[in-house]
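To keep things clear, I will list the structure first and then write my remarks on it.
What follows is calculated from the coordinates using simple rules that are stated; it is not laboratory data. Just so we're clear, the structure is a prediction, and the values are computed from it rather than from any experiment. We place every Cβ from the backbone using ideal geometry, glycine too, and count neighbours over all the protein chains shown.
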Amino acid sequence: MQELKSLIRLYWNQFLDPSFKNHELQQRQLSTSEFITLNWLLVMIKVFFSLGTTLLGLFVLKTFSIKTETVGALTSFGSLNWQKISLFWMLTEVVFFPITFYFFYRFWTITLKFLAQVFDYELPDLEAAVEQVVVRSYSVNFLYCLPFIGPTLSFFAHGLYLYLGSRSRLGFTNLQS
C-alpha cells in the first residue's frame, strides 16, 4: 500500500511539472508496467463517471417522460439501443486500454524521435528524453478524476504537455514544438 502511495505521488508530481523544472523527477521514473497500471486505473475512474452520468441522464429522461408525452416519445425511441451501445463502448474502452495505450505511446515516441532527427537535435540521451516527454504528457490522465469535464481537459492538456515537454526537455523552438 505504501508503494502504491509513492507511485501515485510520483505520478502526481510529474503532472504538476510539465516543463521539467524539477530535475529530481527525471531521475526517478515509473516503470512501464506501473505507468500503464496507473493510467488504466484512471481510465476505469473515467468510465465509472461516464456510466454514472449515463444512468443519471436516463433517470432524468424517464422522470420527465412521465409528465410530458413528447419527451416520453423521444426517450423511448431507440433508448435501449443507445444504452447498449454506450455500455459496450465503455467496457471496450476499459478492456482494450493497454493495447490502445501502447499504440498511441509508440506513435508519439516515434513521432518525436523523427522530429528530433529532422531538426538535427543531437541529444546524448534522445531515447530517454523522448520517453520522458511522452510519459509526462500522459500524466494528464489525472484529470479523468474530474467528472464531466475531465476527459475534455485531459485531451487538450495532453497536447499542451507534449508542447511544453518538447520545448523544455528536447530543446525545440516554439514553432518546432
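In table form, for the structure just shown:
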{"read-out": "For the chain: rounded, prolate or oblate by the Cα gyration tensor [a/c cutoff 1.5]", "value": "prolate"}
{"read-out": "Calculated FRET value between Met90 and Thr32, using beta carbons and R₀ = 25 Å, to 0.05", "value": "0.50"}
{"read-out": "Spatial extent of the stretch 82-133: Rg and Dmax, with the Cα atoms as the point set, Å", "value": "16.9, 52"}
{"read-out": "Highest-first arrangement of 125-138, 101-114, where packing means the average Cβ count within 10 Å", "value": "125-138, 101-114"}
{"read-out": "Listed residue pairs exceeding 23 Å between alpha carbons, taken from Lys21/Lys46; Lys62/Lys84; Lys46/Lys84", "value": "Lys21/Lys46"}
